[in-house]
Structure formats: structure tokens, C-alpha cells
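Participant: This is the structure I want to talk about, given as C-alpha cells.
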Amino acid sequence: MAAVSGEVMVQRSAADGSQNDDVEMREVHISKPNTVRNDQIYIPGDIILDNTEGQWMDGHGSYYSVLPGNHSEIIASVAGLRQIFTRVVVVDPLKSRYSGEIGDIVVGRIIQVGRKSWTVDVGAQRHAVLNLGAINLPGGELRRKTEADIGFMRRYLQEGDLVSAEVQKQGADSQLLLHTRSLRYGRLVQGMLLHVQPRLTKRGKGHFVSYETFGVQLIIGVNGAVWIAPTQKQMNVPLGLDAGEQQRRVQQEDYPEEEEITLCITEEDAKKFGAKDKSKEHTTLPQKPAGSSIASLEVRKCMARIKNCVEILNREQVPIHRESIRILYDASRRYEPKELLIPSVAKEVFESVRQDLREQNPTA
Amino acid sequence: MDLVSSFTGLRLDGRRENEIRDIRCQFGVAKEADGSVLFEQGNTKILATVYGPFDSGDNDDDDGDLAVLEDPTAIECEFKLSAFSQQDRRTRQGEDPRSEEYAEYMETCYRVIMFPHKNASSIVRLSCQVLQADGGHLAAALTAGTLALIDAGIPVKDLIVGCSATVVEGKPLMDVSSQEDLQRLPQITVGVIPRNQEIIVMDTKNRFHKDLLAPLLDAAVKGCTQTFQVIEKIVRDHVRKAAGAMSS
Amino acid sequence: MGERRSAQDESVLQEREDSYINASEQQFLSEGIIDYDFRLDGRGPLDYRTIHISIGEVLSASGSARVTLGETCVLATVKTAIKTPSKSHPDFGFIEFSIDSSPLTSHKHDEEEDESRSPQEARSILQSVYQESGGVDRRKLCIVKGSKCWALFFDLIIFEKGTSLLDAASLAVKAALFDTKFANVTVVEDELDQFEVEFTDDPYDYWQMDATSVPVVTSLHKIGPVFLVDVTKEEQVAANASVVIATNSKGTLFYQNTDWKGSQFGFELNLIDEAMETACRAAAHVDSRLMSALISLPPPKSWKNTLL
């Protein structure tokens, strides 16, 4: 009979009301020597630069203020670290919603299916839009684009589906338009999704990450959504992130020549929505062989470990990418994945590689 | 009961006339909120939470509340006194008649410092709940709300802080505690942008002669300056700690 | 396995990005649990995440406790007052609950999909467990039979509403009760045979109730044939049934509720036995850990609210 486990930690608040201890409780918070320069820190209302010459532009987190006598300044509007680019001043707040730039790789969830577009929640101020015209359809389907209706749309993506996509452009009112016009993008199945702070998943060091030895793949969305799934080789059913990989797999198993496919459609879906049996054109896939599983226990352990490591990086405000995950992962090996949930264990593991992580992530 | 000892010149809690109470903050206590702060000024404890900006769902097709659509800096504020926050438990919470007034003061203040939303139907919701009521509630709520907005990363032009003041035997006292509130003395609370000393809102309590207004205002505004210096440091330290984890 | 909503039922997904998972995610999650007893974060079915409790934060209350269990965070405060007992129970005191969940929970207008998790339902369950079913011995609250008694007002605030709300709330109630300081009183009888209660002047002259037998609530959720404690939001969505019990260290059952969410599999009779047994074990584990941690705390300072 399995034992129940789990600890209860109780503390009494100081009678004078000081609750600094509570901070320890809620976050793995370690006080350490400060290494951020004072002149990098700005709070709303702070003057960043004099802009009378007009050479600066106010980027995110700052604004432009004109004073009498043609004197103007760039002023901070959030609390965070200042960054200066060639002509733009930016203040990076500690916490904010994803705002979106063209070219960002994002992971989002379909909220609504329309006649010619899907509404996608990517955690931004407004929902993003994926137009029917912005996805790749198998050749046979292109003809039907003009007859699009909601039933047709649902064959590809339904409410609740997860997709990986790229930001194509910003429309009016800052609404993001997405596309999946590449083999890298598409519907995500059989894995798990995490949410972290978007400021830790900025564009840069590789967003499609594959840890071959663990049998685990990740997509690190710039919008702070992290998708973790087994790699193709570990799975018996070729559902997964990388449609290009699926394509190769499909061809290896003697399926007919197929138009470039981006979206993964299962046989189950096709049947559900009454798709015609165009087995020569559709990606009908074999049923999961009886007795097999999506992911073995070993792979699941790796995924759990990665999940818990990503959560630690998120709490500790460390940028999340291939290297930082790997560093923390290696350091965590002496513990079971579930032990990383215990605050004291997480703290110990993190401290052991704090220096290495810092070297990986110099700030501007 | 003498609020200011004629012997020591100190107030009941040991402060001088021109001293505000100790301020402490914890950021991000309500993880589901976009921004939150547990704010303490002396024994007054307030939880401020912010959601947004988010799509209020009103779009052009809606017969929605047009006031929301047309107001580009839409912010809705709420002020609540918890039932357990005071000595006597209040049996009907949230029906404090001043709660709505305080909420409006807050909205007025934050509208001044917020920028127009990118999207006309976006809205920000800010709520202040008093967990422990030891005086200076509106003042503390104004300051706490600003901190919650900052925690949420919502851009603002500057900071708003609040402070209260009262006057005893001609002596103005800044940052009024509940003990000092008992005697129906003239009281004032201001919401201020400290950097340029702009007073955005002013609330008065109990009647008093107009000659007292100037010293009361002066004390309250000076109290705001002190408050600002404290929270300025708190916010900078918070940024330093959070961002400094990974800088080289 | 959880059933997928049919596409025709809703054309717009409820906007709860962090608590909705689709059929494929559910399948992945469920398979790990059913085949390997392995949850997404590596826990086994009966592994709790570390529970954090902070006592005595609210100075204006006679007792308080803030509990963090998973993503749920609840503050319970206790205020004491002297009241006249009811005629039907002259030797009993009163216990009353209120729960405040606004504005600390999701701003998105919640259409509660599951009534048993809404705060008002939670309030009435707590009321039932601690007051009506005798979870707290109300005779201990009697001062003068028929004339004076203590009344306890529990005010709960939900800081974060994750899963297992009742579990967290009950732990907060129990811990807050443990922390509650009752001023010692003297009863004075006046010439009209009326009793008056006088509070002691000494701020350190208080008594506290023994909270050992006070019940705690434990929720289990079922995925396949496996029962889980301390579920995440995703697991709660994927679960096809739940069991909630309130029990104490003596094994007394104060409340139970099994809900099989309308799935066609129903709830086989033998599974109910197993569920109850597992829930009792989980409750016993948490309860004993809680009590041993509480007992080892330094005592509170005074019964007087330091505000006035």
C-alpha cells in the first residue's frame, strides 16, 4: 500500500508584524551581493536621458516628455533595467504580458474557430489571429479554401488545440497575426505545457530544443509558453511537434507522396469531422498499436525533471533556454524529479550552479 | 488621552509629529494577479491586486458600456475593508459608505498617471483590501495601488503616493493612526505626485476652520514626500534583487 | 479519461488558459498516472507538495493562519466575541464562517463550472463540518450556560484560488483555531440575576482550545482507477471523479461527498471503499504533520489585539 508523503511547514509571524519570512516561504529567495549597477535601475518618473537634440526614441517602458523651452527628455514608465540600443531607449519591466514582435515563435491555444480564421490565446494583451490563408494546406484542400466554413476549419484546428506558430505582423490595435507557413510549426499533441514569465524567454538562443539522449523535445515560445514532449523516436504514434520529421516518418512507412503538410491530422479527427476518405492525400496515420504507450517511464521522468527545472529557473528569474535548462538538469540528477518541488532541495540545487548560470546569462 | 506627550513631544506610538510610520512591502503575493502587493504602513495592512490590461470583451458590435469604450485609460478600482480588519468585527463588509468614495479617488489618481491603452476596449482592474485597519486607509491604498501597478509592469508616467494628516492643539501630525483618529479631529488625506508636488485628490474628515487647511495640507504633502522616498528605495531594491540574480 | 467537449457545444473556449487542457494533453497526463503512477511533475498519486502555513499574521484578529497548498492560498482569521447562547442549545457557543474570494481570484467573470468548488459552497461545507457536525466542540465555548458564550467568527480570504480549496481552507481554519487566544474572563452576577462578563487586564492571561481533534478536509481526484491527492489544475480537468471527506484524528467522519462528474463509468462500489480508505490515510498524514508542527511553535504573545 503506497504511503502518503509531503511535509507541512509552519511558522509563526513576528508579533510586531514583520513578515520578511513570508517571502522566504513563497519564493526560493536568496539574498546575495548585488551585481546590478545603480545606474541601470529605473522606476516610473525617473529621467533616463535628455533628448533635446532629438536623437533618442522612446521604446518600451519609457516615454517622451516635452518641457518648456524646447527641452525634452526620455522618462521611464516602468520599474526595471534600462537598455540602450542604437537610437532607442528601453526599460525592461520585471513582469509584464507578452507584447509580440514580428518573427517571434509562440505557442498558443485556440480559443475560437471562425469562418476564415482562428483566435489564439498567446498571453498577450489581446488574442492573436491565425488566418486560414496563413497556414499550409495539403494540396487537395487548397481548392476548397473558398468554401471554407467552421466545420472545415475544425478539421485542422479546434478550440483547445495547441499550436506553435510565428508572428507574421502586428495588425491594428496591437493585435498579433500569426502564420504556420513552415514545417516547424503546427498542432502540438501528446505533451505538456508550462507557463513562465515572457521576459525569460526572449528571442535568441534557439527555441526548438531537442535533448536527444533524454528523448525529450521542447518548444520555448517567446510568449512564455513552454511545450515539452517526447521526441519522435520515443513515440509509437508519429504525432508531434515537427511536421517535417513526421513527413519523413510518414514516407518511410510507405505512405504515398504527400504535399507539404504543416498541420498534423489524426485519423480520429478525420473521421470525426467526416472528411472524405482521400487516403492518397490525407495524412491518415496508423492507430496506436495496442499495448504501446506514448512515452515510457524513463522519458516521463526526464520530462518531469525538465518541467521542474524550468519552474525553478522561472522562480529564480533566469533566462530559459537550452543551456540554462541543461545546466540545472545536470545539477539536479542526484535527486528524484519530484524532490525538486521541495523548496530546500530546489534552493540547494540552484545555488550549486548559480555561478555557471550567471556566466551563461550576462545582462546587457 | 494626550496624543502628543507634553513631556517628551512624542506621539502614542513613539513617533514625532513629522514622522510617517514604517513601511514594508511584499510584491507578487497573489500569483494569479498580474500585479500584487501586500503593503504595510505601521499596523495598517492592505492587499492590492491588479488585473490587466485585458480585453474587456466590449467590441464594436456590443451595446457595451460606452463610458468604458470611450475612456482610453479605463481603470476600475475597488476599496474594501475586511470584516476582521478592525477591533470590532464588521458584520456587513464592503458596505462602508466611504469605500465607493475612496475607490473614486483612486480612479482619479491613477487615470492621471496611466497612458491610454493600445486597444480601446482594454481595461485595468485594481482592488485594495484592508486586512488590518490602523488608520490612514485611503492614503495607504493610494500608495499600495501604485505599487501594484508597478508590479504588474503597467506603464505609468510617475508615482502616486498618499498621506494623511491631522492637527492637535495647533500642531499638525502626519500619517494618522487609528488611535489618533478617535477624537474627531480635523483630518486630511491627499493623493500626490511627489516629484512635482502635484496634489491630485484631497479628502477631508470632520469639520474644521479654514485656517487649518494650509498647515494640514503642508503636513500631508510633506508626508507624501517622505513616503515617496521610502517606496522609491523599496522599488529600486526590488528591481535590484529580482534582476540582479542573473547579471554579471 | 476526461471527455472532450463536443465541438458543437461551445464555439468559444472559456478563457482559462491555465486550467484547460485538450484531449491529447489529458491523454498524455492520464497515461502516465494509469500506467506508471507517475504525474507530470514526477510525484506519485499520494505525494503532497510542501504545505506552508504562517500563523498570527493578522494582529486585529484573535487568531489567524495563512495556508499555501499547491497554487491555492487561503487566509483564515478568527474573531472572538461574547454572545448569548440560543435557547435550543444553552450550553453551546457559536461558530460562523464567511469567505471572501473577490477580488483576489480571476478577474475574468467566472461562470463556475463546478458548484462544489465555488466559495459559497465551500462556506456552507465548512459551516457544516465545524459547526453543525461538531467539528469544534461548542460546549468548550460555553461561559455561563444559558446566558453567556463565546462566538467564533471565521473570515476566510482566498488569496489564490487553485485546486483543493477546501483542503487549504480547512487547514487554515484548524491552524487559526489553534492560534486563537481566548481572554480569561470573570463572570459577575448582578442584583438582577444577570451575568456580566469582565475581561482580564492581563494581556498574557488567556487560554487556547485544544485543536487536536478538529477535522481537516481531504480531496481526492480519480484518473482511471488511480486516486490523487493535491491535484494540479490540469489533473483536476482530466479527473473523472472526486471524493471529499472531512475527518479527524479519532477517525470520525464529518462530511463526505463523492462526485463522478457524470461520466458513464460511474463509480464502482469497491472503488468507493478504496477511495475512503485512501482519503482517510491522506488526512491522517496531513493532520499529524500539521499538529506536530503547530505544537513545536513558540506560543503567541498576548490575547490583546495590538492595534488598540
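The values are calculated or read from the model by the stated rules, or taken from the named source; none is laboratory data. Quick caveat: nothing in here was measured; it's all calculated off a predicted structure. Please note: Cβ atoms are built from the backbone with ideal geometry, for glycine as well, and neighbour counts cover all protein chains shown.
Participant: Among the residues in region C:33-51, are any assigned to a strand (DSSP E or B) and either acidic (Asp, Glu) or more than 28 Å from C:Lys304 (Cβ to Cβ) (or both)?
Facilitator: Narrowing region C:33-51 to residues assigned to a strand (DSSP E or B): C:47, C:51.
Applying the additional criterion that residues be either acidic (Asp, Glu) or more than 28 Å from C:Lys304 (Cβ to Cβ) (or both) yields C:47, C:51.
The answer is yes; a qualifying residue exists.
Participant: Same structure, new question: Which members of region A:302-339 meet the condition of being of a type in the set (Gly, Ala, Ser) and within 14 Å of chain C (Cβ to nearest Cβ)?
Facilitator: Kept after step one, since they are of a type in the set (Gly, Ala, Ser), are these residues of region A:302-339: A:304, A:324, A:331-332.
Within region A:302-339, A:Ala304, A:Ser332 qualify.
Participant: Filter region A:184-207 down to residues that are away from chain C (no Cβ under 14 Å) and in contact with a strand residue (DSSP E or B) (Cβ under 7 Å, 6 or more places away or on another chain) and give me whichever is modelled with the lowest pLDDT. Outline the logic, then answer.
Facilitator: Within region A:184-207, the first condition is being away from chain C (no Cβ under 14 Å), and the residues that meet it are A:184-185, A:199-207.
Keeping just the survivors that are in contact with a strand residue (DSSP E or B) (Cβ under 7 Å, 6 or more places away or on another chain) gives A:184-185, A:199, A:201, A:207.
Numbers: A:Arg184: 80, A:Tyr185: 84, A:Arg199: 86, A:Thr201: 93, A:His207: 90.
In this case the residue turns out to be A:Arg184.
Participant: Which residues, taken from region A:163-183, are in contact (Cβ under 8 Å) with a residue 12 or more places away in the chain, under 21 Å from B:Asp55 (Cα atoms) and either part of a strand (DSSP E or B) or not acidic (Asp, Glu) (or both)?
Facilitator: Taking region A:163-183 as the starting set, the residues that turn out to be in contact (Cβ under 8 Å) with a residue 12 or more places away in the chain are A:163-171, A:173-183.
Next, only the ones that are under 21 Å from B:Asp55 (Cα atoms) stay: A:167, A:169-171, A:173-178.
Listed by number, the residues that qualify are A:Val167, A:Lys169, A:Gln170, A:Gly171, A:Ser174, A:Gln175, A:Leu176, A:Leu177, A:Leu178.
Participant: Run C:Gly134 past the list (1) in a loop (DSSP other than H, G, I, E, B); (2) under 26 Å from C:Ala279 (Cβ atoms); (3) modelled with pLDDT of 90 or more and report the number of the one that doesn't hold.
Facilitator: (3)
Participant: Restricting attention to region A:86-104, which residues are of a type in the set (A, V, I, L, M) and away from chain B (no Cβ under 14 Å)?
Facilitator: Taking region A:86-104 first, the residues of a type in the set (A, V, I, L, M) are A:88-91, A:94, A:102.
A:Val88, A:Ile102, listed by residue number.
Participant: May I ask you to list the residues in region B:200-219 that are under 23 Å from B:Met114 (Cβ atoms) and either in contact with a Cys (Cβ under 9 Å, 6 or more places away or on another chain) or in contact (Cβ under 8 Å) with a residue 24 or more places away in the chain (or both)? Lay out the reasoning, then the answer.
Facilitator: Pass one, region B:200-219, residues under 23 Å from B:Met114 (Cβ atoms): B:200-203.
The answer is B:Ile200, B:Val201, B:Asp203.
Participant: Just give me the residues in region B:218-240 being over 16 Å from B:Thr143 (Cβ atoms) and either crowded, with 18+ Cβ neighbours inside 10 Å or touching a His at 6+ places or on another chain (Cβ under 8 Å) (or both), in sequence order.
Facilitator: Answer for region B:218-240, where residues must be over 16 Å from B:Thr143 (Cβ atoms) and either crowded, with 18+ Cβ neighbours inside 10 Å or touching a His at 6+ places or on another chain (Cβ under 8 Å) (or both): B:Ala219, B:Val239, B:Arg240.
Participant: Hey, can you tell me all the residues within region C:39-76 that are surrounded by fewer than 22 Cβ atoms within 10 Å (Cβ to Cβ), without any contact (Cβ under 8 Å) to a residue 12 or more places away in the chain and within 19 Å of A:Lys301 (Cβ to Cβ)?
Facilitator: The one that is surrounded by fewer than 22 Cβ atoms within 10 Å (Cβ to Cβ), without any contact (Cβ under 8 Å) to a residue 12 or more places away in the chain and within 19 Å of A:Lys301 (Cβ to Cβ): C:Gly44.
Participant: Take the residues of region B:21-35 that are over 21 Å from B:Gly135 (Cα atoms) and part of a strand (DSSP E or B): which is farthest from the other protein chains (Cβ to nearest Cβ)? Show your work before the answer.
Facilitator: Pass one, region B:21-35, residues over 21 Å from B:Gly135 (Cα atoms): B:27-35.
Filter once more, so that each one left must be part of a strand (DSSP E or B): B:27, B:35.
Numbers: B:Phe27: 9, B:Gly35: 7 Å.
Looking at residues that are over 21 Å from B:Gly135 (Cα atoms) and part of a strand (DSSP E or B), I get B:Phe27.
Participant: Additional query: Pick from B:Gln187, B:Gln183: which is of a type outside the set (A, V, I, L, M, F, W, C), more than 24 Å from A:Ile43 (Cα to Cα) and surrounded by 15 or more Cβ atoms within 10 Å (Cβ to Cβ)?
Facilitator: Numbers: B:Gln183 fails: surrounded by 15 or more Cβ atoms within 10 Å (Cβ to Cβ).
Unique residue meeting the criteria: B:Gln187.
Every residue, every condition in (1) under 30 Å from B:Ala242 (Cα atoms); (2) within 14 Å of chain A (Cβ to nearest Cβ), yes or no:
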position	(1), (2)
B:Arg111	yes, no
B:His137	yes, no
B:Ala144	yes, no
B:Ile154	yes, yes
B:Glu169	no, no
B:Met174	no, no
B:Arg184	no, no
B:Glu198	no, yes
B:Asp203	no, no
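Participant: Can you tell me which residue within region C:162-194, out of those that are of a type in the set (D, E, K, R) and free of Cβ contacts under 8 Å to residues at least 60 places away in the same chain, is farthest from C:Asp210 (Cα to Cα)?
Facilitator: At the first step, the residues of region C:162-194 found to be of a type in the set (D, E, K, R) are C:167, C:174, C:179, C:181, C:189-191, C:193.
Now restrict to residues that are free of Cβ contacts under 8 Å to residues at least 60 places away in the same chain: C:189-191, C:193.
Numbers: C:Glu189: 29, C:Asp190: 32, C:Glu191: 35, C:Asp193: 32 Å.
The selected residue is C:Glu191.
Participant: Output the residue which, of all residues in region C:154-198 that are in a strand (DSSP E or B) and within 13 Å of another protein chain (Cβ to nearest Cβ), is surrounded by the fewest Cβ atoms within 10 Å (Cβ to Cβ). Please lay out each step first, then the result.
Facilitator: Pass one, region C:154-198, residues in a strand (DSSP E or B): C:154-160, C:182-183, C:185-189, C:195-198.
Next, only the ones that are within 13 Å of another protein chain (Cβ to nearest Cβ) stay: C:154-160.
Working: C:Phe154: 28, C:Asp155: 26, C:Leu156: 24, C:Ile157: 24, C:Ile158: 23, C:Phe159: 24, C:Glu160: 21.
The selected residue is C:Glu160.
Participant: Right, something else. Taking B:Ala133, is it more than 9 Å from every other protein chain (Cβ to nearest Cβ) and not charged (D, E, K, R)? Even if it seems obvious, please write down each step before you answer.
Facilitator: On the way: more than 9 Å from every other protein chain (Cβ to nearest Cβ): no; not charged (D, E, K, R): yes.
No: the conditions fail for B:Ala133.
Participant: Residues of region B:146-192 being among the small types (Gly, Ala, Ser), farther than 30 Å from A:Pro93 by Cβ and in a loop (DSSP other than H, G, I, E, B), which ones?
Facilitator: Residues satisfying the conditions are B:Gly170, B:Ser177.
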